Amino acid sequence: MPHPQRPSPDRRNNPRSSLPLRGTSSQRTHQRIIIAHHLVLTGYGHWFPNDPRRSGSIELRAPKLADLGPIHHGRKPIQPPRQDLRNFSQNAKPLLNHTPLWFDPAKRQSISNAFAHATKEFNYTCYACAILSNHAHLLLRRHRDDANTMWDIFTHHARESLLTFQDVTPDHPIWSDRPYKVFCYTPTDIEDRIDDICSNPAKENLPSQSFPFITPYNGWPHPKPK
């Protein structure tokens, strides 16, 4: 079911903002103020609510996936062996309505261009990014848009860019429809997330990545003296 169209005030009169947006929410969790959002954009069909590695889900929306196993909410301290992951994937993929896409270098460049466009258009501050073979990471400073809205905007822009490829059909979902995000409350949280995100390409044996839309972190909201 599509998300209700509730544009945030700064885009209410912007004719370019036709994508469906999620409603805004508080920038607090309990008594702590969120200063940044780590967004994970997962390619369609590459991660499941009951994935044996772990999941950010607390419910199973597709009953046909129930036989794959129980939901594993949160990261498991001990990750399953690779053979278990391969077996799970072999059983899961036939249940999908579309074939999962893999992001080759050309598609990763296309996603990068889309992220750059979204960052500039909506005046976001991005501290870190990694675009991998089946998912992407973004670390964004707190903004008037909440995390879900930013997730919608980045996935929308990336989708529009990827539709220029012949093997990406208009009916293909491309991204998982469930946002996954981690809140940062302190400069140390942000610095840790930057290190984690920037280490991802090496884990997939990809070249190190740099993007023109990245803003070096200066310790905000307590900038370090120059």
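The values are calculated or read from the model by the stated rules, or taken from the named source; none is laboratory data. In this text, all values refer to a predicted model and were calculated from it rather than measured experimentally. FYI the Cβ positions are ideal-geometry reconstructions off the backbone, even for glycines, and counts take in every protein chain you see. SASA here: full protein model, heavy atoms, side chains in, ligands and nucleic acids out. Shrake-Rupley method; radii C 1.70, N 1.55, O 1.52, S 1.80 Å.
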Take the residues in segment 170-198 that are hydroxyl-bearing (Ser, Thr, Tyr) and in contact (Cβ under 8 Å) with a residue 24 or more places away in the chain; name whichever of them is most open to solvent (accessible area, probe 1.4 Å). Tyr180
List the pairs whose first member sits in segment 123-137 and is without any contact (Cβ under 8 Å) to a residue 60 or more places away in the chain and in a loop (DSSP other than H, G, I, E, B), whose second member is acidic (Asp, Glu) and open to solvent by 10 Å² or more (accessible area, probe 1.4 Å), and whose Cβ atoms are under 9 Å apart, counting only residues at least 6 apart or on separate chains? Asn123/Asp10
When residues of segment 149-167 are limited to those that are crowded, with 18+ Cβ neighbours inside 10 Å and polar (S, T, N, Q), the one farthest from the chain's Cα centre (by Cα): Ser161
Please go through segment 136-179 and give me each residue that is touching a Gly at 6+ places or on another chain (Cβ under 9 Å) and either over 15 Å from Ile197 (Cβ atoms) or at pLDDT below 95 (or both), ordered by number. Asp146, Asn148, Thr149, Pro173, Ile174, Trp175, Ser176, Arg178, Pro179
Quick count over segment 199-226, residues being open to solvent by less than 70 Å² (accessible area, probe 1.4 Å), under 16 Å from Leu140 (Cα atoms) and in contact (Cβ under 8 Å) with a residue 60 or more places away in the chain, is 7
